[in-house]
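Below is one structure, written out as C-alpha cells; the observations come after it.
The values are calculated or read from the model by the stated rules, or taken from the named source; none is laboratory data. Owing to the predicted nature of the structure, the values given are computational and were not obtained by experimental measurement. Cβ placement follows ideal geometry from the backbone for every residue including glycine, while neighbour counts extend to all protein chains displayed.
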Amino acid sequence: MALNPKLPQQVTNSRGFTLAEILVAVAIFGILSATAAPYLFAMKLRFRLDGAARQVFSEVMSARMKAINENTTYTITFPSNHTIQIVGSATRTVDLQTLYEGVTVSSSAATINLSSRGTSDAASTITITNSTGSKTVTLKITGSAMIS
C-alpha cells in the first residue's frame, strides 16, 4: 500500500515533555528553593563561626610550635575585637573580619605568652562570636588548646 503524500501522517513516537509538565516541575523547584533559602543562610553563618574558631586555634598552635622551634617566646594579643596579633621573630596580624565576615573575638587574657617549652603563662579562653552563637578556644597552661 502506497502512502498518500497529501494526507497528514500520524505521529507514533512522541517524545519530550508537555508545557504543563514543565510548569509543574518549575513550580515544585521554586517552592523547594524558597523553603531552603533561610536554612542555607543560617548554615553559612555557622560555617563562618566554625571557620573562625579553627583559624584562631591554628594561629595559637602555630605560634606555640614556632616558639618551641625558635627557642623564644611568642606573644599573642588582641588589639581589636576582630584582630589577633602574634609577635615573635616576626609580627603577624590576622584580621578575622576579612576572612569571616561578622565574627568578633575576645579573650580572658589581654596577652598570652607562649614560652620556648610550649607552655602558656596563664590559662585563657578565647571567645569567637557571631549572630548564630559563639565558640571558645581554651588554652591550658600546658600549652594545649581545644575548641568547644
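The single condition among (1) modelled with pLDDT of 90 or more; (2) among the hydrophobic types (A, V, I, L, M, F, W, C); (3) over 14 Å from the mean Cα position of the chain (by Cα) that F57 does not meet is (3).
Checked against the criterion of being farther than 21 Å from G133 by Cβ and touching a residue at least 40 places away in the same chain (Cβ under 8 Å), the candidates A52, A67, A110 yield just one match: A67. Every condition in (1) farther than 14 Å from K66 by Cβ; (2) out of contact with any Lys or Arg (no Cβ under 7 Å at 6 or more places or on another chain) holds for A123 except the one numbered (2).
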